[in-house]
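Colleague: What follows is a single structure, and I will ask about it in a moment.
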Amino acid sequence: MRFTRSLKAGAGVAVLALALAACGGGGGSTGASETGNQSLADKAKSTQKVVVGIKFDQPGLGLKQPDGTYAGFDVDVAKYVAKELGVPESGITFKEAQSAERENLIQKGEVDFIVATYSITDARKQKVNFGGPYFVAHQDLLVRSDNTDITGPDSLNGNKKLCSVKGSTPAQKVKDTYAKDVQLQEYGKYSDCVTALLNGSVDAVTTDDVILAGYAAAQAPGKLKVVGKGFTDENYGIGLKKDDTAGTSAVNAAINKMIADGSWATSLQNNVGPSGYKIPSPPTVPSS
């Protein structure tokens, strides 16, 4: 009997602890990790809070500004989706989502969803669900505005210097496929590549066109241009928990609404349009 009473007492303590945790006991905020198997749509509606992964260092897309606020097209998409899920802007917590950590952040429950130039691939779909695509980017080249001889990846032959970041594949793709004798230069960040381009240390920078446009608009207005000869398709999706069908449907509905009411095009024009980047047609997003 004592053993039975001890079990009951222990169970009562456990239930109380869980209840306190659910109410935010211990001073913690309601985070993504507390949702368990709950759908994103249900969690957002019930708590009016979400944790969203974005990039912190991509001008025009996801940028943490000196005053601690966040700006860019991905940020606007994240806010719009959150609003459609029933979460006010004050209920959003932004968390940095570096490229190599995105699946882990979702799987560990550290974020509710990710909007961070996150290309949809078959390998990633084995680990997470994707809403969207909300944008289709293309690998392209960034050059100085007065440059006339670099018109595409195949024009980089002749010992041109091409910059990309360490650990990325775009520059090597150019060398392997288009320009065998291009000289590859690697830097830690794309902003370093842009600085090298401006001072003449390199002839071009390569990654997705919309990322290049964001840097051109923010870091060197009028001094740089995107060549505009994209040579890959990169479907950007919104990553969320694997097998969350209801959450994925809700995200897709929000993206479609953002496109339909003009907010999608307006955000792109405001964030990357100043670079001269041609705003593309919106992608086709599943309706359910």
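The values are calculated or read from the model by the stated rules, or taken from the named source; none is laboratory data. Keep in mind the model is a prediction, meaning the values are calculated, not measured. Note: ideal-geometry Cβ built from the backbone for every residue, glycine included; neighbour counts use all protein chains shown.
Colleague: The conditions are (1) of a type in the set (Gly, Ala, Ser); (2) over 13 Å from the mean Cα position of the chain (by Cα); (3) modelled with pLDDT under 95, and SER39 fails exactly one of them. Which is it?
Modeller: (3)
Colleague: Tell me which residues, restricted to the stretch 238-288, are aliphatic (A, V, I, L, M) and either surrounded by fewer than 16 Cβ atoms within 10 Å (Cβ to Cβ) or touching an Asp or Glu at 6+ places or on another chain (Cβ under 6 Å) (or both).
Modeller: The first filter runs over the stretch 238-288 and keeps only residues aliphatic (A, V, I, L, M), leaving 238, 240, 246, 250-251, 253-255, 258-260, 265, 268, 272, 279, 285.
Listed by number, the residues that qualify are ALA246, ALA254, ALA260, ILE279.
Colleague: Only one of (1) modelled with pLDDT of 95 or more; (2) within 18 Å of the chain's Cα centre (by Cα) is not met by ASP208, so which one is it?
Modeller: (1)
Colleague: Something else now. Which of (1) under 30 Å from VAL285 (Cα atoms); (2) at pLDDT 95 or above is the odd one out, the single condition ALA218 does not satisfy?
Modeller: (2)
Colleague: I want to confirm something. Restricting to the stretch 99-124 and keeping residues that are free of Cβ contacts under 8 Å to residues at least 24 places away in the same chain and of a type outside the set (Gly, Ala, Ser), which single residue is surrounded by the most Cβ atoms within 10 Å (Cβ to Cβ)?
Modeller: Only one residue tops the list, namely GLU101.
Colleague: Here is a further query. For the stretch 66-78, enumerate the residues that are within 21 Å of LYS257 (Cα to Cα) and either of a type in the set (S, T, N, Q) or surrounded by fewer than 21 Cβ atoms within 10 Å (Cβ to Cβ) (or both).
Modeller: First, pick out the residues of the stretch 66-78 that are within 21 Å of LYS257 (Cα to Cα): 71-78.
Hit for the stretch 66-78 is ALA71, nothing else.
Colleague: Can you name every residue in the stretch 168-179 that is free of Cβ contacts under 8 Å to residues at least 40 places away in the same chain, more than 23 Å from ASN199 (Cβ to Cβ) and not in a helix (DSSP H, G or I)?
Modeller: Within the stretch 168-179, just THR169 meets the criteria.
Colleague: Looking at ASN270, ASN235, can you tell me which residue is touching a Pro at 6+ places or on another chain (Cβ under 7 Å) and either closer than 30 Å to ALA41 by Cα or touching a residue at least 12 places away in the same chain (Cβ under 8 Å) (or both)? Please lay out each step first, then the result.
Modeller: Values: ASN270 fails: touching a Pro at 6+ places or on another chain (Cβ under 7 Å).
Criteria check complete, one pass: ASN235.
Colleague: To continue, here is another question. With LYS173, LYS229, LYS189 as the choices, which residue is more than 16 Å from ASP146 (Cβ to Cβ), under 18 Å from the mean Cα position of the chain (by Cα), surrounded by fewer than 19 Cβ atoms within 10 Å (Cβ to Cβ) and at pLDDT below 90?
Modeller: Values: LYS173 fails: under 18 Å from the mean Cα position of the chain (by Cα); LYS229 fails: under 18 Å from the mean Cα position of the chain (by Cα).
On inspection, the qualifying residue turns out to be LYS189.
Listed here are the residues, each with its yes/no results for (1) modelled with pLDDT of 95 or more; (2) more than 10 Å from the chain's Cα centre (by Cα).
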residue: VAL50; (1), (2): yes, yes
residue: ILE54; (1), (2): yes, no
residue: PRO59; (1), (2): no, yes
residue: PRO66; (1), (2): yes, yes
residue: THR69; (1), (2): yes, yes
residue: ASP76; (1), (2): yes, yes
residue: LYS79; (1), (2): yes, yes
residue: GLY86; (1), (2): yes, yes
residue: SER99; (1), (2): no, no
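Colleague: Those residues that are touching a helix residue (DSSP H, G or I) at 6+ places or on another chain (Cβ under 6 Å) and under 10 Å from ALA116 (Cα atoms), I need them from the stretch 47-57; list them, please.
Modeller: The first filter runs over the stretch 47-57 and keeps only residues touching a helix residue (DSSP H, G or I) at 6+ places or on another chain (Cβ under 6 Å), leaving 48-54.
Once the filter is applied, which keeps residues that are touching a helix residue (DSSP H, G or I) at 6+ places or on another chain (Cβ under 6 Å) and under 10 Å from ALA116 (Cα atoms), the stretch 47-57 yields VAL52, GLY53, ILE54.
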